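Below is one structure, written out as structure tokens; comments come after it.
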Amino acid sequence: MDTAAAAAAARPAAPAGSSRDHVVVFPFMAKGHTLPLLHLASALAALPGDVDGAGAAPLRVTVVTTPGNLAFARRRLPARVALVALPFPAHPDLPPGAESADALPSHSLFPAFLRATALLREPFASYLASLPAPPPLALVSDFFLGFTQRVADDAGVRRVTFHGMSAFSLALCFSLATRPPPEAPGSGGVEDGAGDAAIRVPGFPEGFTIAEDEVPHAVTQATDLDDPVTRFLLEEVRDWEHRSWGVLVNSFDALDGDYAPLLESFYLPGARAWLVGPLFLLAAAGKDGDGDEDPEGCLPWLDERAEGSVVYVSFGTQAHVSAAQLDELAHGLVGSGHAFLWAVRSSSDSDASWSPPVDVGPEGKIVRGWVPQLRVLAHPAVGGFLSHCGWNSVLESLAAGRPVLAWPVMAEQAANAKHVADVLGAGVRAGVKAGAGADASPELLGRERVAVKIRELMDGGEAGRRIRARAEQVAQAAGAAVGEGGTSRLALRRMVDKLRRSYGGGGEGRDDDERRDAARAEPNV
């Protein structure tokens with residue numbers, strides 16, 4: 001038994017009649033991973049105390065982070081959610097103060113950043129062991145923080161894992177990574193109508209295929225044992241991930257419920273995929289959930305534009321886009337004839353020094369600071385979103401009823417692009433080939449093609465009207481899911497209920513086929 005386990009064993013026993021009412025939330029230190037779990041913490045803190053009808057006390061919620069991320073988290077949490085800061089471990093390859101992945105001066109430092117976060121195991125174990133009895137009800141933590149499963153096991157606490165991905169993309173990536181089909185990438189596959197190899201995905205509906213260049217980086221990189229991120233996942237995550245009590249998904253049943261059973265099959269028997277999103281809506285944060293800051297004046301600028309006239313452009317906080325591609329994108333945006341708001345965020349020194357090669361004029365606005373993305377997407381002037389297809393961005397766009405121009409760059413973004421454009425029909429593809437592999441140079445999309453695709457998104461005739469209508473349908477379904485009696489709100493309450501009953505004599509409780517209960521009354525997408 002290690003020191004943390006010994007300390008937990010020495011903790012005073014819970015008094016008779018006491019119940020677990022504390023949820024600890026531990027996000028990975030990157031903005032896109034942190035924000036959804038801050039919204040989750042807010043939603044948990046707002047739950048009524050009698051979730052399970054037994055007169056239980058309201059939940060106490062604590063978010064664990066590091067000193068450099070405290071201010072960001074505090075601004076986005078209600079006062080009743082506690083914050084605990086663990087010192088960020090020193091690493092010889094990281095500059096001082098680099099406590100968030102999006103603050104790294106180069107993406108090449110990401111493997112070192114991962115290794116540094118793994119050193120939080122002992123401080124986190126000591127924190128859990130220091131808590132008064134009874135232990136927490138649950139630990140919700142990011143999958144990158146695989147050590148938290150070991151710590152939770154030692155402390156006798158259920159752990160719910162969080163990937164920040166949709167059930168569709170998680171199931172797709174897990175299926176391709178763990179059950180390679182005969183038509184694996186590079187083996188030819190079956191031919192689709194365009195002559196490209198089409199890959200059948202195990203467990204997905206009959207007839208569902210993806211092209212070789214749609215296979216996400218998250219899958220192709222998983223076979224590269226020389227890749228430092230792959231090595232980290234093998235050594236620190238994969239042997240522990242499948243032992244999670246459940247998996248939290250920032251999505252909702254009408255959008256993603258068909259893929260939940262397949263996702264659950266990759267975990268231990270009895271594990272549930274809890275679809276509780278969109279979390280920013282569930283936390284009642286839709287109007288200002290990404291903070292009140294608008295340092296670049298995006299909203300006043302949008303106020304001066306006509307309804308549906310602006311394309312919003314963002315590749316998130318971590319994706320790298322070459323200077324040559326930024327040049328072509330700038331020309332294409334200007335050439336499209338549409339107003340645009342473009343968030344250019346530096347992911348490398350070369351990005352930081354980039355400047356547009358063309359005068360964007362009064363109808364183009366380029367910003368480099370923080371953008372209140374939820375409020376931008378909800379603004380009537382915004383008619384579409386050119387996005388890298390990180391799941392947070394896709395979900396925020398669709399929940400606002402805005403169609404997506406899908407331009408995937410890394411990770412599982414190719415899967416998200418396929419989901420939104422081909423399955424949901426709520427977007428169009430830019431035409432980039434993001435699935436060729438993490439080390440492959442992305443195809444350069446020329447300015448003419450950029451302009452054509454923006455017009456397809458923003459105008460598009462009958463096809464454009466269809467994708468806008470689909471985006472609006474998804475938005476209506478998202479609102480219904482988080483409303484009173486909606487599937488996501490019920491799923492959060494039932495997750496807490498089942499957690500409470502999983503300790504002691506209550507067992508795991510009734511089988512939760514209730515996932516479908518409210519779905520019948522909600523619009524399907």
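The values are calculated or read from the model by the stated rules, or taken from the named source; none is laboratory data. Computed from a predicted structure; not experimentally measured. All Cβ positions, glycine included, derive from the backbone under ideal geometry; neighbour counts span all protein chains shown. Heads up: the accessible areas ignore ligands, DNA and RNA and are worked out on the full protein's heavy atoms, side chains in. Shrake-Rupley method; radii C 1.70, N 1.55, O 1.52, S 1.80 Å.
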- request: Just give me the residues in the range 464-489 being within 13 Å of Val428 (Cβ to Cβ), of a type outside the set (Gly, Ala, Ser) and touching a residue at least 24 places away in the same chain (Cβ under 8 Å), in sequence order.
  value: Arg466, Ile467, Arg468, Arg470
message: Take the conditions touching a Pro at 6+ places or on another chain (Cβ under 9 Å) and either aliphatic (A, V, I, L, M) or at pLDDT 95 or above (or both) and apply them to Ile454. Does it pass?
response: no
statement: Matching residues in the range 323-358 (of a type in the set (D, E, K, R) and at pLDDT 90 or above) number 2
message: Any residue in the range 95-121 that is of a type in the set (Ser, Thr, Tyr) sitting within a Cβ distance under 8 Å of a residue that is part of a loop (DSSP other than H, G, I, E, B) and crowded, with 16+ Cβ neighbours inside 10 Å? List the pairs, counting only those 6 or more apart or interchain.
response: Ser100/Met29; Ser100/Ala30; Ser106/Ser348; Thr117/Phe28; Thr117/Met29; Thr117/Pro89; Thr117/Phe144; Thr117/Leu145
query: Which residue out of Glu206, Glu183 is at pLDDT below 90 and open to solvent by 40 Å² or more (accessible area, probe 1.4 Å)?
result: Glu206
task: Could you pull out the residue among Ala481, Ala518 that is at pLDDT below 90, of a type outside the set (Asp, Glu) and either surrounded by 20 or more Cβ atoms within 10 Å (Cβ to Cβ) or within 21 Å of the chain's Cα centre (by Cα) (or both)?
output: Ala518
- request: Considering each of Pro105, Pro96, Pro58, Pro87 in turn, give the residue that is closer than 25 Å to Ser19 by Cα, open to solvent by 40 Å² or more (accessible area, probe 1.4 Å) and either of a type outside the set (A, V, I, L, M) or in contact with a Cys (Cβ under 7 Å, 6 or more places away or on another chain) (or both).
  value: Pro58
statement: Per the filter on the range 219-246, residues under 21 Å from Pro261 (Cβ atoms) and of a type outside the set (D, E, K, R) are Val219, His242, Ser244, Trp245, Gly246
- request: Assess whether Arg429 counts as being open to solvent by 10 Å² or more (accessible area, probe 1.4 Å) and either modelled with pLDDT of 95 or more or in contact with a Ser or Thr (Cβ under 7 Å, 6 or more places away or on another chain) (or both).
  value: no
task: Check every one of the strands (runs of 3 or more DSSP E) wholly within the range 1-85 and list those with 2 or more residues that are within 23 Å of Asp142 (Cβ to Cβ), of a type outside the set (A, V, I, L, M, F, W, C) and modelled with pLDDT of 95 or more.
output: 60-65
query: Can you spot a residue in the range 125-136 that is closer than 30 Å to Ile210 by Cα and either open to solvent by less than 20 Å² (accessible area, probe 1.4 Å) or of a type outside the set (Asp, Glu) (or both)?
result: no
